[in-house]
Amino acid sequence: MKIKKLALAFSVFALGAAIAASGHNVTLTSPMWVGGTELKAGEYQVQVENGKAVFKNKKNTVEVPAKTETANSKFQTTALSSSTSGGKEKLEAIELGGTTTRIVVGAAAGSVAGE
């Protein structure tokens, strides 16, 4: 009986780790700066690990400092937050549709407003 419970607990943990490591698909509709790198418009897989967001497409991999935040309710759709400075559109955060997860990228990842 204890072995079955242990196996079930391990399976649930492994599934959670696999989901977390799988990443999320994000579409950039226009070029956008992420950290010091400009990403071209297109499909990217984003994964957060060890304080970094990793953006991957067929040709490139870009890593930038990032953290995740948890919202009070699920986001209905995936949405990107950005700002424009010096004529460059800079990615600030990604709200992941169907989850309560927000990825905060770049310099904003070091602190949360109001803290």
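Taken together, the values in this text are just the output of simple stated rules run on the coordinates, not laboratory data. Predicted, not measured: the structure shown is a model, and the values here were computed from it. Neighbour counts run over all protein chains shown; Cβ positions are idealised from the backbone, glycine included.
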To the nearest 20 debye, segment 23-110 has a Cα-centred charge dipole, built from +1 on Lys and Arg Cβ and -1 on Asp and Glu Cβ, of 140 debye
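Give me the extension gain from THR100 to GLU38: residue separation times 0.36 nm, minus the current Cα-Cα distance, reported in nm with one decimal.
Working: separation 62, 0.36 × 62 = 22.32 nm, distance 2.70 nm.
So the chain would gain 19.6 nm between THR100 and GLU38.
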In terms of the charge dipole of segment 23-110, which places +1 on Lys and Arg and -1 on Asp and Glu at the beta carbon, the residue among GLY106, SER73, MET32 farthest towards the positive end is MET32
So, for the Cα atoms of segment 23-110, Rg and Dmax in Å stand at 12.1, 36
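Please work out how much length the chain gains when fully extended from THR77 to GLU49, using 0.36 nm per residue of separation minus the C-alpha to C-alpha distance, in nm with one decimal.
7.8 nm
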